[in-house]
Amino acid sequence: MLSIIDKYILKRYLGTFSVMLLLFAPIGIVIDVSEKVNKMLENKIPFMDIAFYYYNFTIYFINSLFPIFLFLSVIWFTSKLANNTEIIAILSSGISFTRFLRPYIVGATIVSIFVLLMGFFIVPAASEGYNNFRYTYLKGNGKELMRGENTNVYRQINDHDFIFVNSFNEESKTAFNFTLEHFEKEKLTYKITASRIKWDPKKKIYILYDYTKRTLGDLNDVIEKVPEKNVSFKFELADLTPVVYIAETLTLGKLYDFIEKERKRGSGNINTYLVVLYKKYSVPVSAFILTIIAVSVSSMKRRGGMGMNLAIGIAIAFSFVFFDKIFGTLAEKSSFSPLLAVWFPNMVFGALAVYLLRNAKR
């Protein structure tokens, strides 16, 4: 059961956090517009596309900077409580500091569930719209960059088949110098090569030019050679080079399936996909850690007043984001464990939260 004081603090917690989002989201949009307005005018982008982009941008922006917004909002209203001596009055009435934290934990739980559900179902669609717009209209050679490395692509598409293409063009759905090798019990049984392979969306088949199929036998090989051949394969050319931000655009279930499929294919980007997956769980947990740190830092009166608390809060919040970005990039670009990289900031700042909470109790 929540007491009157609990409801009062919880209302301030959620209200201040909501106001912080409503305050900073328009600021983020204005800054983004000022940076990109020239590109938008040059490319003559339709107004509805721009409006839809900023809808997605708002969700993407809030989700990315959620820890900073939450931390600053708790610092802000808790400092006001401390400066008005409301916290001293609450603790003087016999309520322990741990009991005083209850409405904050309830508020962190509500925010965490909201962020968790957003990360599972809403943010992926917003991320897709946001990134598609950026790579289509705002980046030079964006449509090529969004596919990442599209030369000398070698992929395992299932347990038996391996594909190699020298280069791949997403626009024309065409790959060049195509090779498919089929193995049974670790033994090559046949090999298909073509100078070019093109997807025909109407017939739902692939057209192979300068087609050659060599079937290996015990005594001699069988070679089939034709200038052009229609073939049905159980893969899509887009699977050879998925967009660089593909993991961010998938809901939870699809992300698990995609990672499992990419793991079987031996994808070199598996760490990038795992970082996205683990962050869906780690970011909501950070709400509890940052809430405890914020309350511990701002629950006492300081000579500098709210300004000092906010300065400390901003330093801690940006340190958290800095750790999160550095270790996330480290996992994506090296063999560093993605799980450890994603959870390391929570571990470090969790230890800091315990230390500050003990001192605050005293």
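Quick grid of which residues meet (1) open to solvent by less than 30 Å² (accessible area, probe 1.4 Å); (2) without any contact (Cβ under 8 Å) to a residue 60 or more places away in the chain; (3) in a strand (DSSP E or B); (4) under 26 Å from ASN269 (Cβ atoms):
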| site | (1), (2), (3), (4) |
| --- | --- |
| ASN158 | no, no, no, yes |
| PHE162 | no, yes, yes, yes |
| HIS182 | yes, yes, yes, yes |
| LYS198 | no, yes, yes, yes |
**OP:** Return the pairs, sorted by first residue and then second, in which the second residue is outside any helix (DSSP H, G or I), the first residue lies in the stretch 75-101 and is under 16 Å from ILE292 (Cβ atoms), the beta carbons are less than 7 Å apart, and the residues are 6+ apart or on different chains.
**Re:** THR78/SER299; ALA82/SER299; ALA82/MET300; ALA82/LYS301; ILE87/SER299
Original post:
Looking at the stretch 322-349, which of the residues that are surrounded by 17 or more Cβ atoms within 10 Å (Cβ to Cβ) and small (Gly, Ala, Ser) is farthest from VAL285 (Cα to Cα)?
Top reply: ALA331
Original post:
List, please: which pairs have Cβ atoms under 7 Å, are six or more places apart or on different chains, and start with a residue in the stretch 15-27 that is under 15 Å from THR78 (Cα atoms) and end with one that is open to solvent by less than 30 Å² (accessible area, probe 1.4 Å) and of a type in the set (Ser, Thr, Tyr)?
Top reply: THR16/SER73; PHE17/SER73; MET20/SER73
**OP:** Among residues belonging to the stretch 284-307 that are open to solvent by 30 Å² or more (accessible area, probe 1.4 Å) and either at pLDDT below 90 or of a type outside the set (A, V, I, L, M) (or both), point out the one that is nearest to LEU339 (Cα to Cα).
**Re:** PHE288
Original post:
Under 8 Å by Cβ, and 6 or more places apart or on different chains, what pairs join a residue from the stretch 216-235 that is of a type in the set (A, V, I, L, M) with one that is open to solvent by 70 Å² or more (accessible area, probe 1.4 Å) and at pLDDT 90 or above?
Top reply: LEU216/LYS191; VAL222/ARG214; ILE223/ARG214
Original post:
Do we have ILE68 as farther than 15 Å from SER299 by Cα and at pLDDT 90 or above here?
Top reply: no
**OP:** Taking LYS202 as the residue in question, decide whether it is open to solvent by 80 Å² or more (accessible area, probe 1.4 Å) and in contact with a strand residue (DSSP E or B) (Cβ under 7 Å, 6 or more places away or on another chain).
**Re:** no
Subject >> helices (runs of 4 or more DSSP H) fully within the stretch 1-116 counting 1 or more residues that are within 24 Å of GLY129 (Cβ to Cβ) and open to solvent by less than 40 Å² (accessible area, probe 1.4 Å) >> reply: 4-42, 47-64, 66-83
Original post:
Has the stretch 217-227 got at least one residue that is surrounded by 14 or more Cβ atoms within 10 Å (Cβ to Cβ), in a strand (DSSP E or B) and in the same structural domain as VAL165 (by the TED database)?
Top reply: no
Original post:
Can we say LYS261 is more than 30 Å from ARG99 (Cα to Cα) and open to solvent by 40 Å² or more (accessible area, probe 1.4 Å)?
Top reply: yes
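The values are calculated or read from the model by the stated rules, or taken from the named source; none is laboratory data. Nothing here was measured: the structure is a model prediction, and the numbers come from that model. Note that we place each Cβ from the backbone using ideal geometry, even for glycine, and neighbour counts take in every protein chain shown. The accessibility values were calculated without ligands, DNA or RNA, using every heavy atom of the protein model including side chains. Shrake-Rupley method; radii C 1.70, N 1.55, O 1.52, S 1.80 Å.
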